[in-house]
1. When a footprinting reagent is the concern and you count Cβ atoms within 10 Å, what order do 58, 2, 32 take, fewest first?
2. In the chain, which chymotrypsin sites (Phe, Trp or Tyr not before Pro) are in a loop and have at most 16 other Cβ atoms within 10 Å, using DSSP for the loop call?
3. Please figure out what share of the DSSP beta bridges in the chain is antiparallel and state it in percent, rounded to the nearest 5.
4. Report, please, the projected area of the chain averaged over directions, based on the convex hull of its C-alpha atoms, in nm².
5. Express in nm, to one decimal, how much length is gained between residue 19 and residue 38 on full extension, taking 0.36 nm for each residue of separation and deducting their alpha carbon distance.
6. Between residue 52 and residue 29, what FRET efficiency comes out of the Förster formula 1/(1 + (r/R0)^6) with R0 = 22 Å and r the beta carbon distance, rounded to 0.05?
7. Run the dipole for the chain about the Cα centre, Lys and Arg Cβ at +1, Asp and Glu Cβ at -1, nothing else charged, and hand back the magnitude in debye, nearest 20.
8. If Lys and Arg each add +1 and Asp and Glu each add -1, what is the summed charge of the other residues whose beta carbon sits under 15 Å from the beta carbon of residue 15?
Amino acid sequence: MILHNKAYCKLCKDVIESMSRHHFVRCSCGEIFTDGGHDYVRQGANDLNNLVDMSEYIKDEKERI
């Protein structure tokens, strides 16, 4: 289960979060994006070295990854 679909941009320092399915979000400089909300995680960047995945998941109700 996806708790938070988040990403951090090393260039502009934005933390972006997709809140729902098909909610496509870009950082303010346009370098990175995330999409999918709690249904799926799809992230990308012009240069993947500038993207830090900050997504949080739960394996089951008792464990956070």
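Every number here is computed from the coordinates shown, using simple stated rules; none is lab data. Given the structure is predicted, the values throughout are model-derived calculations rather than measurements. Ideal geometry is used to build each Cβ from the backbone, glycine not excepted, and the neighbour counts take in all protein chains shown.
1. On the way: 58 12, 2 15, 32 26.
In order of increasing Cβ crowding within 10 Å: 58, 2, 32.
2. 24, 40
3. If we restrict to bridges inside the chain, about 100 percent are antiparallel.
4. On the way: hull surface 16.3 nm².
So the mean shadow area of the Cα hull is 4.1 nm².
5. On the way: separation 19, 0.36 × 19 = 6.84 nm, distance 0.68 nm.
Result for the pair: 6.2 nm of gain on full extension.
6. For residue 29 and residue 52, the calculated efficiency is 0.95.
7. Roughly 80 debye, rounded to the nearest 20.
8. The answer is -1.
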